[in-house]
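Asker: This is the structure I want to talk about, given as structure tokens.
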Amino acid sequence: MPQPKNKKQAEYYEILFPIHKHQWLRTYKKFINKISSFKARYRLDNIKTLFKENYGSECPYCGCVLNVNNMSLDHITPIARNGNNIEENVQVTCKVCNRRKGRLTDKEYRELLKLIGGFEKQARQYILAKLSGKDYGSK
Ligand SMILES: [Zn+2]
């Protein structure tokens, strides 16, 4: 099993090893790439911390476990709605929820989830699929 080679790897090893075991080094490389791509786009100082802190925790909306493949950076108040590109306005969510949330604010999206939570399963799934931009059940 690969061991961390330096301090930087050791920092991530602690987070990644319990979840990914022998795959941790592969995941580490993916994770570093992911974080650097966000750094280039967002120019935020603590993107790294934000992603590290949320790794393996639950998506604030759907509760799925956040990992290198599904993590995304969401604006609590979207840029399109005059939200800021600052640390206080970003959160880590899964990609699916980020796509569904779209131009809604955190508050609006939570209200919507609460509302459709009372719908019949089929109606709820239909709305969620529409929000993701999927053409659900169109056959
Ligand atoms: Zn989610």
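Asker: Pull out all pairs, ordered by first then second residue, where Cβ-Cβ is under 9 Å, the residues are six or more apart or on different chains, the first lies in segment 78-93 and is touching a residue at least 24 places away in the same chain (Cβ under 8 Å), and the second is among the aromatic types (Phe, Trp, Tyr).
Answerer: Asn85/Tyr42; Val90/Tyr42; Val92/Phe51; Val92/Tyr55; Thr93/Tyr61
Asker: So, one more: Residues in segment 35-67 that are of a type in the set (A, V, I, L, M) and within 15 Å of the ligand (Cβ to nearest atom): how many?
Answerer: Total satisfying the criteria: 2.
Asker: Let me ask something else about it. Do we find that Asn89 is more than 20 Å from Ala129 (Cα to Cα), open to solvent by less than 50 Å² (accessible area, probe 1.4 Å) and within 14 Å of the ligand (Cβ to nearest atom) in this structure?
Answerer: The answer is no for Asn89.
Asker: So which residues in segment 7-25 are out of contact with any Ser or Thr (no Cβ under 9 Å at 6 or more places or on another chain) and open to solvent by 80 Å² or more (accessible area, probe 1.4 Å)?
Answerer: Lys7, Lys8, Glu14, Lys21, His22
Asker: Out of (1) away from the ligand (no atom under 16 Å from the Cβ); (2) of a type outside the set (Gly, Ala, Ser); (3) open to solvent by less than 20 Å² (accessible area, probe 1.4 Å), the odd one out for Glu120 is which?
Answerer: Answer for Glu120: the failing condition is (3).
Asker: Kindly list the number of the only condition in (1) under 30 Å from Gly133 (Cα atoms); (2) assigned to a loop (DSSP other than H, G, I, E, B); (3) out of contact with any His (no Cβ under 8 Å at 6 or more places or on another chain) that fails for Pro4.
Answerer: Answer for Pro4: the failing condition is (1).
Asker: Can you confirm whether Arg100 is away from the ligand (no atom under 16 Å from the Cβ), modelled with pLDDT of 95 or more and basic (Lys, Arg)?
Answerer: When the stated conditions are applied, Arg100 does not pass them.
Asker: Between a first residue in segment 55-72 that is touching a residue at least 40 places away in the same chain (Cβ under 8 Å) and open to solvent by 20 Å² or more (accessible area, probe 1.4 Å) and a second residue that is assigned to a loop (DSSP other than H, G, I, E, B) and within 10 Å of the ligand (Cβ to nearest atom), which pairs have beta carbons less than 7 Å apart while being 6 or more apart in sequence or on different chains?
Answerer: Gly56/Leu66
The values are calculated or read from the model by the stated rules, or taken from the named source; none is laboratory data. Remember, it's a predicted structure, so these values are computed and weren't measured experimentally. Because the Cβ atoms are built from the backbone with ideal geometry, glycine has one as well, and the counts that use them run over all protein chains shown. Ligands, DNA and RNA are excluded from the accessible area calculation, which covers all protein heavy atoms including side chains. Shrake-Rupley method; radii C 1.70, N 1.55, O 1.52, S 1.80 Å.
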